[in-house]
Amino acid sequence: MKEATTAIRVARTQHSRLPQVDFDNLKFGQQFSDHMLVAEYANGHWEDVSIVPYGDLSLSPSMSALHYGQAIFEGLKAYKFTDGTVSIFRPDKNLERFNRSALRLEMPEVPEEIFIGGLKVLLDLDRDWVPQSIGSSLYIRPFMFGTEAALGVHPSASYKFIIITCPVGAYYNKPLRLKVETHFTRAAEGGVGFSKNAGNYALSLHPTRIAQDEGFDQLMWTDAKEHKYIEEAGTANLMFRVGDTIITPSSDTILHGITRRTIV
């Protein structure tokens, strides 16, 4: 794995929020670490890679992502071992999937030296935010969106790539009740089901809310053509054990999870 060669400017926070965190009561995605990585893409190349204090962004109301949906993200985790070592779980595979999503949505690929190299610098700076209790981790959210301030259906001319992190406990702490969805569709062949783009999640919110009102936790999506074949759950890939055989969907209408890939 290559180390970072892009110059990364680091601006440390003057007021850490770490003392405010109750590591025994972590809620998923609600408490964010002190710093974030930000990189800008313009004029055909990446520039101005920096790590700055976590904070709000200033964006134009005509920003293309708000109107035409060029927005992708990833999700991975870092863990702290008993000796204090911090390790990231297979970030190279998340980078591969991130760039597949980028190409499908006509967005620029993010170089390894920014995605992984920058992530290493960020985690080293915020290593005290990585929890050490069993079942906990530091959730890592890289994301990218089009920032061109202009209307008109075309790929954005500029982009912003950001990595934020947050200490988390388990996403679920109970067995799930799944509803088999046979009306609404998550993704169809030839679409963007394999990519981790914001729109995939937006269209799942309404049918998921209906299922939750019926007492279920999540959906088990089926194929768009016949609603006959199992695809994935709302927040996870699915694996079935039949006797001594493991069966898992493999089409390009599903998001291929890194954990699932590891198990296979």
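Tabulated results
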| item | result |
| --- | --- |
| Per-region count, segment 115-148, residues under 29 Å from Ser60 (Cβ atoms), aliphatic (A, V, I, L, M) and touching a helix residue (DSSP H, G or I) at 6+ places or on another chain (Cβ under 8 Å) | 3 |
| Failed criterion for Val86 (all others in (1) closer than 15 Å to Ala39 by Cα; (2) hydrophobic (A, V, I, L, M, F, W, C); (3) in contact with a helix residue (DSSP H, G or I) (Cβ under 6 Å, 6 or more places away or on another chain) hold) | (1) |
| Enumeration of residues in segment 46-64 that are outside any loop (DSSP other than H, G, I, E, B) and open to solvent by 20 Å² or more (accessible area, probe 1.4 Å) | Trp46, Glu47, Asp48, Val52, Pro53 |
| Helices (runs of 4 or more DSSP H) completely within segment 198-264 that count 1 or more residues being more than 20 Å from Tyr171 (Cα to Cα) and modelled with pLDDT under 95 | 198-202 |
| Pairs with Cβ under 8 Å, 6+ apart, first in segment 107-131 and within 15 Å of Val38 (Cα to Cα) and of a type in the set (Val, Ile, Thr), second at pLDDT 95 or above and open to solvent by 50 Å² or more (accessible area, probe 1.4 Å) | Ile116/Asp92; Val121/Val10 |
| Close pairs (9 angstrom Cβ cut-off, 6 or more residues apart or separate chains): in a loop (DSSP other than H, G, I, E, B) in segment 11-24, hydroxyl-bearing (Ser, Thr, Tyr) anywhere | Ala11/Ser50; Thr13/Tyr54; Arg17/Ser33; Arg17/Tyr54; Phe23/Ser133; Phe23/Ser136; Asp24/Ser133 |
| Residue list for segment 192-240, filter: more than 19 Å from the chain's Cα centre (by Cα) and among the basic types (Lys, Arg) | Arg209, Lys225, Lys228 |
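The values are calculated or read from the model by the stated rules, or taken from the named source; none is laboratory data. Computed from a predicted structure; not experimentally measured. Note: ideal-geometry Cβ built from the backbone for every residue, glycine included; neighbour counts use all protein chains shown. Side chains included, ligands, DNA and RNA excluded: accessible areas come from the protein's heavy atoms. Shrake-Rupley method; radii C 1.70, N 1.55, O 1.52, S 1.80 Å.
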